[in-house]
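Everything below concerns the one structure shown next.
The values are calculated or read from the model by the stated rules, or taken from the named source; none is laboratory data. In this text the structure is predicted, and so the values were computed from the model without any measurement. For neighbour counting, all protein chains shown are included, and Cβ atoms are generated from backbone atoms with ideal geometry for every residue, glycine included. Ligands, DNA and RNA are excluded from the accessible area calculation, which covers all protein heavy atoms including side chains. Shrake-Rupley method; radii C 1.70, N 1.55, O 1.52, S 1.80 Å.
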Amino acid sequence: GIALALVAIASVAACAHGTRCMSRAVVAAGQLSSQRCTAALRSLAGAREWQRAVQLIEELEISGPRPDVIMYNATLGACSRAAASTAALTILRSMPSREVVPDNVSYNAAITACGRDLQWQRSMELLGEMRSQGLSPCAVTNGAAVDACDKASAWPSALLLVASLAVQAVEGNAMIFSAAINAAGKGQRWDYALELLDSAREVAVLLDVITYNCAINACRRGLQWASSLHLFREMGLAGLEADAMTYQAAIRTCGAGRQWRWAALLQEEAVSKGLALAPPGLRGKAWSLDPTVAHGAGERFASDAGRTDSSSAEAPGGAAAEVAEPSTVQTPLMGLSPASVAMRSRGEGHAPVLCRQVIEALLGAGGADGVYVDCTFGRGGHARALLGCLSREGRLLAFDVDPSAIAEANRLSKQDPRLMAVHRPFSDLPQVPLPCGVATASGILADLGVSSPQLDQKQRGFSVLEDGPLDLRMNPCVGISAADWLATVSAEELAWVLHAYGEDGDAALAARIAEAVVARVRRHDAPPLRRTQQLAEVVRAVKGESSASLFQQPARLTFQAIRTHLNREFQQLDSLLHASLEVLGVGGRLVVICFKRAEADAVRRFVRRHEECDPDVVGDWPLDRIRRLYPLLARDGDPDAPEWCVAEAMPPLRASAEELRANTRARSARALVLEKRVRR
């Protein structure tokens, strides 16, 4: 039976390769051997038939010949090629019980499988497990782990791993540095990418074209066109021949920085070398260096199409010249597909949700020449998109309390003087003068979600998955941390917070979690409750649940509730709504992106308190009833009553199916569009 099964499996694998030589080798003389079984497993791995490979290794374990580490490694290789991380981990865990000791190749295949399945945390765990068992990960294994972080856009972990390799004096290679540089670029940390490139040179790593391409792409994401040209020159000095991807990235960087002359020179040089430039993501659409096409910005850029900047016309291989005046258009996103706007689900560090719909809603009232306010800059996804659609006269004011967000905003403002960063809470909006001396804003945006980089930085304590300090403050310099608050809070107060802000809808469960947390804090035989995973374990024990998904983590709502309470998010939201309507001009719009039902309810309660009635609807209603249902009318005659009212300008905006495929975090997002109007 096993012989026939092996023949059938090997024949399938051979057919997948377009040849029957493997099946003939397996059935030669009708006998089975370890060598033939290994060859069959490798054939299945090449065909990515991991289910059949797993089936075969299980049958061999029962009927023989007894699989050795080479056969298991071949099976793990099949799982690795097919990104079957769960199967790879199951096989790896079963090997010791079958008296087979995993080696470096075994772990390398499992780490690669997890990386291809975007399970970068498991890849890092396997790397640590290798070291604990006395195995020294080789450069290929370390490279697979860094590549796993790169694929999942976990750039902080990639950088930490490279740093640990340097401390341990472990030899690095171009693959490791390329993956880490690419990960840093996805996190929009082009500065870290260039530092990694310098570190690779210092340790005499033989860099290749791929490494430089990753660095140039990092500069492209950071809109550092001058740095990309410097790298272009360095490649030539190192004797490396730029390929189509190199030119493509450099051209797009120069185009985003409005350096049309440099972009044209690069394109001309690429064409002269016979390189075909086909930028990814455009899916066959026409692509041109003309700004009206390359950036989808419309007629407002038509006058710039033939303009050249004041930089030198030196060939791309020479030193990059300085720009005479700052670039004014950074990331034009209008006209691109929603998948491009979402940056394919955090592909560049943080994917701004509902980006195109939000920008269209804002500009629909104020136009491209207006003054706008981004109350929650975060990592600047929406701000960059809005800057790309404003004219030279347009201005953007960016608020945030997160120091890392303000640092990013300051970096962007140096490139684009139309942006002004303000390190203050958005409730201070009325006290901050608007740019250009204008009295009112054309539009205001507030994104109430936590940005992806904040979730991914374990030192901030927002992540349920990663262990870090139990902080949960948006501004680490203000207020007390979650750990300090939990050390003094009563069970009754904690239960109220969990029930009010956790949206669990289960008061009894909230009380149980609160009692368990307070009891854990009071224990003297356990370490102090100061780590995220310590709190997560307490909640998990009460709920009796476990999950590997961030959005199904038992402690997710507990973390959300504590974060909301510590940062006074609903009080801040109420302050934002009142402050925004003071600053908005008549006809201006406030767009609020909500992720929780309670947030949307709070915004609608504000609208109900500040909207006017339709006379045609309430014509026959009793006057006292109208005033009760429309509180704004009850303030008639009050000298402090506002002269404006609020209305929802359009139905709530939701993510399209295409955006949801590109960015799963957009599934709970909705944008409420409010408009300030004159009272009748």
Being on the phi < 0 side of the Ramachandran plot, hydroxyl-bearing (Ser, Thr, Tyr) and at pLDDT 90 or above is the requirement here; does Ser404 meet it?
no
Can you report the number of residues in the stretch 52-103 which are out of contact with any helix residue (DSSP H, G or I) (no Cβ under 8 Å at 6 or more places or on another chain) and in a helix (DSSP H, G or I)?
8
Test each condition in (1) within 21 Å of Ala409 (Cα to Cα); (2) in contact with an Asp or Glu (Cβ under 7 Å, 6 or more places away or on another chain); (3) open to solvent by less than 20 Å² (accessible area, probe 1.4 Å) for Gly187 and report the one that comes out false.
(2)
Please find, among Ala421, Ala409, the residue that is touching a helix residue (DSSP H, G or I) at 6+ places or on another chain (Cβ under 8 Å), surrounded by 19 or more Cβ atoms within 10 Å (Cβ to Cβ) and either in a helix (DSSP H, G or I) or in contact (Cβ under 8 Å) with a residue 60 or more places away in the chain (or both).
Ala409
What pairs come up if the first residue lies in the stretch 514-532 and is without any contact (Cβ under 8 Å) to a residue 24 or more places away in the chain, the second is in a loop (DSSP other than H, G, I, E, B), and their beta carbons are under 8 Å apart, counting only those six or more places apart or on different chains?
Arg520/Ala526; Arg520/Leu529
What are the residues in the stretch 121-138 that are open to solvent by less than 30 Å² (accessible area, probe 1.4 Å) and either in a helix (DSSP H, G or I) or free of Cβ contacts under 8 Å to residues at least 12 places away in the same chain (or both), if any?
Ser123, Leu126, Leu127, Met130
Could you give me the residue pairs with C-beta distances under 6 Å whose first residue belongs to the stretch 257-273 and is over 16 Å from Glu241 (Cα atoms), whose second residue is open to solvent by 60 Å² or more (accessible area, probe 1.4 Å) wherever it lies, and which are 6+ apart or on separate chains?
Arg261/Thr308
Quick check on my filter: what residues within the stretch 224-247 are among the aliphatic types (A, V, I, L, M) and open to solvent by 30 Å² or more (accessible area, probe 1.4 Å)?
Ala226, Leu237, Ala238, Leu240, Met245
Filter the stretch 605-652 down to residues that are assigned to a loop (DSSP other than H, G, I, E, B), open to solvent by less than 80 Å² (accessible area, probe 1.4 Å) and touching a Leu at 6+ places or on another chain (Cβ under 9 Å), then give me how many there are.
8
Out of all the residues in the stretch 62-88, which are closer than 21 Å to Ser136 by Cβ and either without any contact (Cβ under 8 Å) to a residue 24 or more places away in the chain or surrounded by fewer than 21 Cβ atoms within 10 Å (Cβ to Cβ) (or both)?
Val69, Ile70
